[in-house]
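**Student:** Structure provided below as structure tokens; questions to follow.
The values are calculated or read from the model by the stated rules, or taken from the named source; none is laboratory data. Since this is a predicted model, take the numbers as computed values, not measurements. Cβ placement follows ideal geometry from the backbone for every residue including glycine, while neighbour counts extend to all protein chains displayed.
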Amino acid sequence: MNPPAPHPHPFLQGEGDIFKHLFSSIYFQAFVFKHWRVAAHRAVTSLIIRKSSIVPFPMKDRIKDLAIALAPRLIEIRRHLHSHPELSGQEQQTAAYVAGVLSSCGLQVREAVGKVGVVGELGGQGSDRRLLAIRTDMDALPIQERTGLEFSSRTPGIMHACGHDVHTTVGLGTAMVLSQLGHSLPGNVRFLFQPAEEIAQGAEWMVQDGAIENVNAILSLHVFPSIPAGKIGIRYGALTAAADDLEIIIRGESGHGARPHEAIDAIWIAAQVITTLQQAISRTQNPLRPVVLTIGKISGGRAPNVIADQVHLSGTVRSLHPETSEALPVWVENIVASVCQTYGAKYQINYRHGTPSVQNDLKLTSLLESAAKEIWGSESIQIIQEPSLGAEDFSCYLRHLPGSMFRLGVGFSDRRNYPLHHPQFEVNESAVLMGVVTMANAAYKYWQ
Ligand SMILES: [Zn+2]
Ligand SMILES: [Zn+2]
């Protein structure tokens with residue numbers, strides 16, 4: 001089921017609605033009111049200063065003011081996207097909407113990159129030819145929304161529960177701001193709007209389709225409800241884990257439930273395999289290099305009094321260090337083989353490396369940190385002490401070039417924050433502006 005087609009002029013769409021919805025958020029009201037007065041004052045001062053050519057207006061203030069002026073549009077865009085979620089690989093309407101906004105900002109737009117992805121190219125006037133990419137993801141999840149928001153999903157069973165509507169908005173907002181810098185932008189920026197992050201395939205589709213050709217560095221973000229809005233989470237090094245898929249088939253020999261000595265019990269051997277794998281993690285893996293192995297699905301057997309001849313196990317394996325990740329298939333097979341050999345069973349293993357770990361480049365992470373600090377102050381930075389064992393297909397780009405992803409705090413201070421992928425997950429919308437300003441300032445500073 002496709003959501004209704006977006007309005008051909010996304011900026012102008014439902015302006016009545018935006019004011020109605022906008023002022024329903026007290027956080028947003030307070031935020032915009034606080035900053036609007038400062039922005040207006042700066043705009044006037046800037047005109048006076050430029051006219052008399054005394055002191056150049058700081059670019060960070062210009063970026064912030066442009067974003068503040070765009071704030072109502074950004075909330076409108078975010079709410080439109082939130083109401084019209086699409087599943088991984090089926091983001092046609094979202095992609096068309098994104099392409100419309102990028103075109104209206106004067107970017108060169110390529111559609112259907114990486115199946116349904118969009119690429120927008122913004123050419124700066126400067127002499128620095130290094131190309132920076134900014135990547136956002138566009139897909140939603142098969143979840144029935146239960147937030148009760150006025151702009152809830154209009155598509156039953158599909159919800160933007162991972163904040164990719166916010167990511168897409170931040171990507172568009174950054175394009176809007178940077179496109180207004182005109183000749184002040186020192187280099188070229190490529191905006192990647194990728195599909196299918198939730199199934200960990202979209203980034204690879206984009207790479208295969210040439211989306212990062214000639215790109216020198218890439219930046220991205222992910223919302224994070226446990227970080228309060230008004231803060232940016234920065235992590236140097238490993239941010240997320242490598243996530244691999246594991247399937248094991250154990251083949252024994254069927255027999256009468258009362259005569260186990262005449263059979264090879266695949267269920268009992270599967271139990272031994274699971275137990276041995278879990279024990280071996282604690283005894284044979286370096287405890288400073290974490291590995292999590294979860295068998296999430298098991299099936300086998302035909303009747304209570306018949307010994308099972310076959311069991312299927314499937315699960316996920318998470319690790320942080322690339323060398324550990326590389327060694328895991330052999331490590332798993334050695335354990336499964338030794339248990340099966342001991343009890344006379346046969347086995348088959350399918351181990352598929354999924355997304356690698358996101359390893360944030362130190363220089364680009366420092367760029368993100370200083371870009372946020374410069375505008376929002378050092379109290380806005382939350383250094384993330386521990387990586388997550390979740391997965392993120394941003395790592396597929398990092399196989400080819402350096403990059404960094406920051407966490408955008410979207411938590412509320414006065415109410416429960418539901419986790420990502422929860423049907424009641426909500427975003428504190430004041431974070432949208434912070435995401436845009438931070439990303440745009442980081443992009444500008446990339447060439448400094
Ligand atoms: Zn997700
Ligand atoms: Zn996500």
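**Student:** Is it the case that segment 133-151 has a residue that's more than 27 Å from GLU204 (Cα to Cα), modelled with pLDDT of 95 or more, away from ligand 2 (no atom under 16 Å from the Cβ) and polar (S, T, N, Q)?
**Tutor:** yes
**Student:** Could I ask something else about it? Mind listing whichever residues of segment 144-154 are surrounded by fewer than 19 Cβ atoms within 10 Å (Cβ to Cβ) and not acidic (Asp, Glu)?
**Tutor:** Selection gives GLN144, ARG146, THR147, GLY148, LEU149, SER152, ARG154.
**Student:** Go through segment 330-350 and give me each residue that's of a type outside the set (A, V, I, L, M) and not in a helix (DSSP H, G or I).
**Tutor:** Scanning segment 330-350 gives GLY344, LYS346, TYR347, GLN348, ASN350.
**Student:** Looking at segment 162-174, is at least one residue within 16 Å of ligand 2 (Cβ to nearest atom) and assigned to a loop (DSSP other than H, G, I, E, B)?
**Tutor:** Yes, some residue in segment 162-174 is within 16 Å of ligand 2 (Cβ to nearest atom) and assigned to a loop (DSSP other than H, G, I, E, B).
**Student:** OK, next. Taking segment 213-242 on its own, how many of its residues are farther than 30 Å from ARG415 by Cα and crowded, with 24+ Cβ neighbours inside 10 Å?
**Tutor:** Looking only at that region, the number is 3.
**Student:** Might you check whether a residue that is within 16 Å of ligand 1 (Cβ to nearest atom) and either on the phi < 0 side of the Ramachandran plot or in the same structural domain as SER220 (by TED's automatic domain parsing) (or both) occurs anywhere in segment 356-367?
**Tutor:** Yes, some residue in segment 356-367 is within 16 Å of ligand 1 (Cβ to nearest atom) and either on the phi < 0 side of the Ramachandran plot or in the same structural domain as SER220 (by TED's automatic domain parsing) (or both).
**Student:** Among the numbered criteria (1) under 32 Å from the mean Cα position of the chain (by Cα); (2) surrounded by fewer than 13 Cβ atoms within 10 Å (Cβ to Cβ), which one does ASN360 miss?
**Tutor:** The failed condition is (2).
**Student:** Kindly indicate which of ALA96, ALA112 is touching a Pro at 6+ places or on another chain (Cβ under 7 Å) and either within 24 Å of ILE68 (Cα to Cα) or more than 16 Å from ligand 2 (Cβ to nearest atom) (or both).
**Tutor:** ALA96
**Student:** I need a count of the residues in segment 339-363 that are touching a Gly at 6+ places or on another chain (Cβ under 8 Å) and of a type in the set (A, V, I, L, M).
**Tutor:** The qualifying residues number 2.
**Student:** Would it be correct to say that ALA161 is modelled with pLDDT of 95 or more and within 15 Å of ligand 1 (Cβ to nearest atom)?
**Tutor:** yes
**Student:** With the requirement that a residue be among the small types (Gly, Ala, Ser), more than 16 Å from ligand 2 (Cβ to nearest atom) and either modelled with pLDDT of 95 or more or surrounded by fewer than 20 Cβ atoms within 10 Å (Cβ to Cβ) (or both), what does segment 177-212 give you? Talk me through it step by step, then tell me what you get.
**Tutor:** Pass one, segment 177-212, residues among the small types (Gly, Ala, Ser): 179, 182, 184, 187, 196, 200, 202-203, 210-211.
With the extra rule that they be more than 16 Å from ligand 2 (Cβ to nearest atom), the set shrinks to 179, 182, 184, 187, 210-211.
Across segment 177-212, the qualifying residues are SER179, GLY182, SER184, GLY210, ALA211.
**Student:** Inside segment 395-418, can you point out the residues that are within 16 Å of ligand 1 (Cβ to nearest atom), part of a loop (DSSP other than H, G, I, E, B) and touching a strand residue (DSSP E or B) at 6+ places or on another chain (Cβ under 6 Å)?
**Tutor:** Matches in segment 395-418: ASN417 only.
**Student:** List every residue pair whose Cβ atoms sit under 6 Å apart, with the two residues 6 or more apart in sequence or on different chains, where the first one lies in segment 254-272 and is in the same structural domain as GLY301 (by TED's automatic domain parsing) and the second, anywhere, is assigned to a helix (DSSP H, G or I).
**Tutor:** What qualifies is GLY255/GLU262; ILE269/TYR343; GLN272/VAL339.
**Student:** Regarding ALA112, is this residue in the same structural domain as SER152 (by TED's automatic domain parsing) and either touching a His at 6+ places or on another chain (Cβ under 7 Å) or surrounded by fewer than 20 Cβ atoms within 10 Å (Cβ to Cβ) (or both)?
**Tutor:** yes
**Student:** Can you name every residue in segment 221-267 that is closer than 29 Å to VAL436 by Cα and in a helix (DSSP H, G or I)?
**Tutor:** Residues satisfying the conditions do not exist here.
**Student:** Give the residue that is surrounded by the fewest Cβ atoms within 10 Å (Cβ to Cβ), with candidates limited to residues of segment 365-413 that are among the basic types (Lys, Arg) and under 24 Å from LEU320 (Cα atoms).
**Tutor:** Taking the candidates together, the pick is ARG399.
**Student:** Pick from LEU389, LEU364, LEU368: which is assigned to a loop (DSSP other than H, G, I, E, B) and out of contact with any His (no Cβ under 6 Å at 6 or more places or on another chain)?
**Tutor:** That would be LEU389, the only listed residue that is assigned to a loop (DSSP other than H, G, I, E, B) and out of contact with any His (no Cβ under 6 Å at 6 or more places or on another chain).
Here is a yes/no grid of residues against (1) in a helix (DSSP H, G or I); (2) of a type in the set (D, E, K, R); (3) within 21 Å of HIS353 (Cα to Cα):
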| site | (1), (2), (3) |
| --- | --- |
| GLN272 | yes, no, no |
| ILE281 | yes, no, yes |
| ASN286 | no, no, yes |
| THR294 | no, no, yes |
| ARG302 | no, yes, no |
| VAL311 | no, no, no |
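**Student:** Another question, then. Could you tell me which residue of segment 93-109 is nearest to LEU172 (Cα to Cα), considering only residues that are touching a strand residue (DSSP E or B) at 6+ places or on another chain (Cβ under 7 Å) and surrounded by fewer than 17 Cβ atoms within 10 Å (Cβ to Cβ)?
**Tutor:** Checked segment 93-109; the qualifying residue nearest to LEU172 (Cα to Cα) is SER103.
**Student:** Within segment 419-430, work out how many residues are within 16 Å of ligand 1 (Cβ to nearest atom) and touching a helix residue (DSSP H, G or I) at 6+ places or on another chain (Cβ under 9 Å).
**Tutor:** 1
**Student:** Picking from VAL306, VAL330, VAL410, VAL311, which residue would you name as being within 16 Å of the chain's Cα centre (by Cα), of a type in the set (Val, Ile, Thr) and modelled with pLDDT of 95 or more?
**Tutor:** Details: VAL306 fails: within 16 Å of the chain's Cα centre (by Cα); VAL330 fails: within 16 Å of the chain's Cα centre (by Cα); VAL311 fails: within 16 Å of the chain's Cα centre (by Cα).
From the options VAL306, VAL330, VAL410, VAL311, the qualifying one is VAL410.
**Student:** Any residue that is buried (at least 17 other Cβ atoms within 10 Å of the Cβ), within 16 Å of ligand 1 (Cβ to nearest atom) and closer than 23 Å to HIS222 by Cβ - is there at least one of those in segment 120-135?
**Tutor:** Yes, segment 120-135 contains at least one residue that is buried (at least 17 other Cβ atoms within 10 Å of the Cβ), within 16 Å of ligand 1 (Cβ to nearest atom) and closer than 23 Å to HIS222 by Cβ.
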